[in-house]
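Taking it in order: structure first as structure tokens, then the write-up.
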Amino acid sequence: MKPYVICLMHSSLDGRTHPSRWRPKGAGTDWFEKIHDELGGDAWVIGRVTGSEFAKGTPYPATNEKLPRENWFARRDAKTYGVVLDAHGKIGWGRSDIGGDPIVVVLTESVPDSHLSGLRGEGVSYIFAGKSEIDLALTLDILSRELSVKRLLVEGGGVANGAFLRAGLIDEFNLILSPAIDGAAGAPFVFDSTEADSDKRAPIAAMTLESTRELGGGVLLLRYLIKNDPSR
């Protein structure tokens with residue numbers, strides 16, 4: 001069964017997601033982790049670029065070891081998992097968890113054996129969700145079947161968020177909106193795409209504002225329920 005998917009993001013009024021660029025500075029930037037914890041996901045997922053910000057290692061060395069393209073789990077007993085989309089195995093982790101949550105990397109079968117060996121050596125779990133491109137629906141199915149994930153938080157960056165949105169997989173969108181503006185080119189947005197997907201639109205049939213919550217200091221938490229159109 002597909003997990004219930006909530007996208008949680010924090011942005012300025014113009015939809016940008018790098019608080020260091022916001023003016024005025026420090027506008028409600030301490031709320032993300034609090035709301036993350038409140039939402040109580042069994043797992044959270046980020047893209048490769050965001051995942052790289054947490055990495056402490058370097059690319060894994062070459063190996064003669066041949067490994068099967070089968071899901072591999074260092075742990076199955078965690079309360080929460082940190083899932084990272086890394087289709088081609090670019091991240092050398094140097095760690096096995098993020099904030100205490102065991103890392104689960106989503107790969108494609110095109111990754112080299114050296115990368116799989118490196119992940120195993122560091123105790124980093126991995127799953128395969130496609131030949132050369134990640135199938136997000138398959139990713140959710142595997143997380144549900146193998147790790148009993150029933151509630152998943154999608155937390156960016158913008159390209160990863162946009163991919164889930166265009167795949168019609170997001171059920172709920174929670175936006176922490178700060179009274180700040182970026183106002184310049186170059187910063188990522190809440191939802192974005194690669195050039196290849198720039199003409200694709202999300203199959204959203206309706207969005208319903210479920211609640212508005214004032215967090216203080218002009219910061220709002222907006223909660224929208226999303227109805228996706230399965231025919232698109």
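The values are calculated or read from the model by the stated rules, or taken from the named source; none is laboratory data. Worth saying up front: this structure is predicted, and the values here are computed from it rather than measured. Here the Cβ positions follow ideal geometry from the backbone for every residue, glycine too, while neighbour counts run over all protein chains shown.
Tabulated data for the structure shown
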| read-out | value |
| --- | --- |
| Selection from the range 189-221 of residues that are touching a helix residue (DSSP H, G or I) at 6+ places or on another chain (Cβ under 6 Å), among the small types (Gly, Ala, Ser) and within 16 Å of Phe173 (Cα to Cα) | Ala202 |
| Identity of the residue in the range 122-134, closer than 18 Å to Gly82 by Cα and either outside the structural domain of Lys79 (by TED's automatic domain parsing) or without any contact (Cβ under 8 Å) to a residue 60 or more places away in the chain (or both), that ends up surrounded by the most Cβ atoms within 10 Å (Cβ to Cβ) | Val124 |
| Residues of the range 9-42 satisfying the condition of being touching a helix residue (DSSP H, G or I) at 6+ places or on another chain (Cβ under 6 Å) and assigned to a strand (DSSP E or B) | His10 |
| Inter-residue pairs, beta-carbon under 6 Å, first closer than 15 Å to Gly216 by Cβ and in the range 17-31, second surrounded by fewer than 18 Cβ atoms within 10 Å (Cβ to Cβ), 6+ apart | Ala27/Pro179; Gly28/Gly217; Trp31/Leu215 |
| Where Thr194 falls short, out of the listed (1) closer than 21 Å to Thr17 by Cα; (2) touching a strand residue (DSSP E or B) at 6+ places or on another chain (Cβ under 7 Å); (3) polar (S, T, N, Q) | (2) |
| Residues located in the range 195-232, provided they are under 21 Å from Pro24 (Cα atoms) and among the small types (Gly, Ala, Ser) | Gly216, Gly217, Gly218 |
